[in-house]
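Read-outs throughout are calculated quantities, based only on the coordinates presented, and are distinct from any laboratory measurement. It should be emphasised that the depicted structure is a prediction, and the values quoted were computed from it without experimental measurement. Here Cβ is always computed from backbone atoms with ideal geometry, including for glycine, and neighbour counts include all displayed protein chains.
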Amino acid sequence: MKKSFLTIIALVTISLTAVAQKQATTKTHFKFFSTTPAENIEANNYAAVGAIDPSNGDIIFSVPMQSFEFEKALMQEHFNSKKFLDTKTNPKAKLTGKIANLDKVNFAKDGSYIAQVVGDLTINGVTNPVKEKATITVKNGKISLTTKFNLTLADYKVAFKSGKPSTNIAKTVEVTVEANY
């Protein structure tokens, strides 16, 4: 009986320690979507890396900007150009944040939890504070994070006053993030 009790305590301790450890991922999908009367533009990126620390709520993502893939090669060329995101000078976007309502997320119990993520988002060499909702799902000890939010391009010095880009690219784009840790 004593041996069984100690075994149970050891297993609980090990499982709680495993849950509290920082978890990294390369299984990510970042998508942005722009819609205008002229055209819809979608780009997908599966090359980002991220980490989440259940013990303190820290979240980080690093997104290689040249890894966004477009339906049309010319869109990709424009996206990476100096007139748009200048991805040679600013090769990565980065989010460093924290789950503000960590007490509402139980990483030790299966379920879906609405997390309030606050932090700093850097794109095109410009950093702005962000505050967005994300859904954190825990299933069989595995963590996933999903979110969808709008991003105003001018906030990151991406704006067009004239020409085709000013009518073909939305001023605000929808960003979707999926990460499996």
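Take the range 33-96, compute every pairwise Cα distance, and split them into 10 Å bins from 0; I just need the percent in each bin.
Going out from 0 Å in 10 Å bins, the range 33-96 shows 20, 42, 25, 11, 1 percent.
Tell me, what are the semi-axes, in whole angstrom and largest first, of the equivalent ellipsoid of the range 57-181 as set by the roots of 5 times the Cα gyration tensor eigenvalues?
Here the semi-axes work out to 31, 15, 13 Å.
So what J values fall out for the range 55-69 if you push phi through Karplus, 6.51 cos²θ - 1.76 cosθ + 1.60 with θ = phi - 60°, rounded to Hz, Gly and Pro as x?
Along the range 55-69, the couplings run 6, 10, x, 5, 9, 9, 9, 10, 10, x, 5, 6, 8, 6, 10 Hz.
In nm, give the distance between the simple-model label positions of THR137 and LYS94, each being 7 Å from the Cα along the Cα-to-Cβ direction.
Between THR137 and LYS94, the simple spin-label model gives 3.0 nm.
May I ask you to derive the FRET efficiency for THR26 and LYS157 from their Cβ-Cβ distance with R0 = 35 Å, giving the value to the nearest 0.05?
0.75
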